[in-house]
Amino acid sequence: MTINELLKTLATGGKLAPVYLIMGQADYLQRRLKTAFKSVVPAEEQTMNYATYDMDTVPLAVALDDAMAAPFFGERRVVCIDNPQFLTGETKKQKVEHDVASLQTYLGSPMESTVLVFFAPYEKLDGRKKVSKQLKKVATTIDIGNFSERDVRQFVTTQLKQDGYTMDPAALGELIQRTDADLTLMMAELPKLELFAYPQKTIQPDAVTGLVAQTLTQNVFDLVNQVLAKDTAKAVTLYRELLLAKEEPLKINAILQGQFRLLIQTKVLAKQGYSQGKLASLLKVHPYRIKLALQSQRRFKLTDLNQAYLGLFRVEKQMKSTAMAPEMLFSLFMTQFGFYVNCCW
């Protein structure tokens with residue numbers, strides 16, 4: 001089942017499964033689904049027949065006791081469980097002990113009058129655990145992680161239509177670029193853009209460029225292109241702007257390294273015939289970032305990418321071991337990288 005199918009079922013009062021598993025870290029969609037699940041319980045019954053439990057602070061047994069109870073003067077009870085880390089392979093111990101065996105018992109015979117929803121903000125569950133295997137077998141699973149650019153465009157366009165607005169295609173493209181196609185970020189920007197476009201109700205590109213700031217990742221992606229173009233002046237200027245914006249030098253360097261690593265991986269694997277979709281799945285990277293990496297890597301030699309990647313490791317080491325200013329270290333990196341490229345090519 002897709003998220004749109006589930007939302008339609010919830011909105012129209014269709015038949016619901018007894019157990020749902022919502023996988024993925026899209027905050028906007030998690031909030032929207034929680035609101036939709038809550039709405040299936042009449043407002044006057046929600047105090048008694050709707051509840052959400054955070055497994056970081058509440059024992060699983062408390063949530064299951066609620067799930068096993070009959071609805072109080074109503075037809076349906078909805079119980080949501082947040083952060084079920086015990087389903088994953090994460091080693092970080094939760095502060096609360098959970099009786100996982102009781103969940104296995106419940107899943108063996110779920111209450112027909114209860115809708116039990118697990119919100120798991122993870123890429124995957126630990127398939128070696130019996131409880132995870134059983135939950136996957138019993139639950140209706142909805143994956144809200146790593147939406148494609150096409151899916152993101154559809155969600156945004158649908159929301160705009162519901163609000164009575166339209167968006168110029170170029171403006172939508174700019175919004176996607178500035179937010180790294182992050183649906184949560186895009187939805188958070190819409191109210192501001194809609195207010196600016198009132199009363200014409202058509203969002204133009206200048207509204208996006210004027211009101212929506214680029215993410216740090218997108219700024220660093222621009223920085224990567226300037227590094228590879230050997231444009232020292234522009235690269236250093238953008239680096240200085242990031243520092244003025246209070247971004248941590250080590251964080252900037254780490255994201256730069258990550259971008260170059262991604263370019264190297266996509267270049268090598270693309271030559272082996274991997275498609276955009278397979279690359280996103282294999283590298284566990286948002287499909288939009290893979291799309292940008294595929295477009296960029298074609299313009300550069302693998303040796304240049306490797307040299308820049310290694311140079312950034314040296315910068316990181318110097319940041320941690322010397323008192324030199326980060327901007328100076330980055331400028332030296334640009335000078336050395338440009339010298340290497342001109343010398344060797």
Handout entry: Subset of region 260-285 [more than 20 Å from the chain's Cα centre (by Cα), crowded, with 17+ Cβ neighbours inside 10 Å and among the small types (Gly, Ala, Ser)]
Key = Ala270
Exercise for the section: Kindly indicate whether any position in region 43-64 is hydrophobic (A, V, I, L, M, F, W, C), open to solvent by less than 30 Å² (accessible area, probe 1.4 Å), touching a residue at least 24 places away in the same chain (Cβ under 8 Å) and more than 20 Å from Ser132 (Cα to Cα). Expected result: yes
Problem - Close pairs from region 1-28: first closer than 22 Å to Met186 by Cβ and open to solvent by less than 70 Å² (accessible area, probe 1.4 Å), partner among the hydroxyl-bearing types (Ser, Thr, Tyr) and assigned to a helix (DSSP H, G or I), Cβ under 8 Å, at least 6 apart - result: Ala26/Thr184; Tyr28/Thr184
Practice task
Say whether the condition of being under 27 Å from Leu292 (Cα atoms), under 18 Å from the mean Cα position of the chain (by Cα) and in a helix (DSSP H, G or I) is met by at least one residue in region 142-149.
Solution key: yes
Practice task
Output the qualifying pairs, or none if there are none: Cβ atoms under 6 angstrom, residues six or more apart or on different chains, first residue in region 149-169 and within 12 Å of Leu183 (Cβ to Cβ) and touching a residue at least 60 places away in the same chain (Cβ under 8 Å), second residue outside any helix (DSSP H, G or I) and open to solvent by less than 40 Å² (accessible area, probe 1.4 Å).
Solution key: Glu149/Ala181; Val152/Ala181
Fill in the blank from the handout: Considering region 1-52, residues that are under 22 Å from the mean Cα position of the chain (by Cα) and among the charged types (D, E, K, R), and then whichever is modelled with the lowest pLDDT, we arrive at Asp27
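Please verify whether Arg76 is open to solvent by 40 Å² or more (accessible area, probe 1.4 Å) and closer than 23 Å to Leu183 by Cβ, treating the condition exactly as stated. Break it down into steps so the answer makes sense when it comes.
Numbers: open to solvent by 40 Å² or more (accessible area, probe 1.4 Å): yes; closer than 23 Å to Leu183 by Cβ: no.
So Arg76 does not fit the description; no.
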Completion exercise
Taking region 146-167 and keeping only residues that are farther than 21 Å from Gly24 by Cα and among the basic types (Lys, Arg), one is left with Lys161
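Considering region 231-259 alone, what residues qualify as being of a type in the set (Gly, Ala, Ser) and either more than 20 Å from the chain's Cα centre (by Cα) or crowded, with 19+ Cβ neighbours inside 10 Å (or both)? Break it down stepwise before answering.
Restricting attention to region 231-259, the residues satisfying the condition of being of a type in the set (Gly, Ala, Ser) are 233, 235, 245, 254, 258.
Within region 231-259, Ala233, Ala235, Ala245 qualify.
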Handout entry: Matching residues, region 321-336, being farther than 16 Å from Gln226 by Cβ, of a type outside the set (Ser, Thr, Tyr) and either exposed (fewer than 14 other Cβ atoms within 10 Å of the Cβ) or at pLDDT below 90 (or both)
Key = Ala323, Met324, Ala325, Met328
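Within region 286-313, take every residue that is in contact (Cβ under 8 Å) with a residue 40 or more places away in the chain, of a type in the set (D, E, K, R) and over 18 Å from Asp180 (Cα atoms) and give me the one that is surrounded by the most Cβ atoms within 10 Å (Cβ to Cβ).
Restricting attention to region 286-313, the residues satisfying the condition of being in contact (Cβ under 8 Å) with a residue 40 or more places away in the chain are 286-289, 291-292, 296, 299-301, 303-306, 308-309, 312-313.
Checking the rest, the ones that are also of a type in the set (D, E, K, R) come to 289, 291, 299, 301, 304.
Checking which are over 18 Å from Asp180 (Cα atoms) leaves us with 299, 301, 304.
Details: Arg299: 10, Lys301: 14, Asp304: 20.
Looking at residues that are in contact (Cβ under 8 Å) with a residue 40 or more places away in the chain, of a type in the set (D, E, K, R) and over 18 Å from Asp180 (Cα atoms), I get Asp304.
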Completion exercise
Picked from region 139-165 (must be in contact with a strand residue (DSSP E or B) (Cβ under 8 Å, 6 or more places away or on another chain) and among the β-branched types (Val, Ile, Thr)), the residue modelled with the lowest pLDDT is Ile144
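The values are calculated or read from the model by the stated rules, or taken from the named source; none is laboratory data. Bear in mind that the values here come from a model prediction, so they are computed numbers and not experimental data. Cβ sites come from the backbone with ideal geometry, for glycine too, and all protein chains shown count toward neighbours. For accessibility, only protein heavy atoms count, side chains too; no ligands or nucleic acids. Shrake-Rupley method; radii C 1.70, N 1.55, O 1.52, S 1.80 Å.
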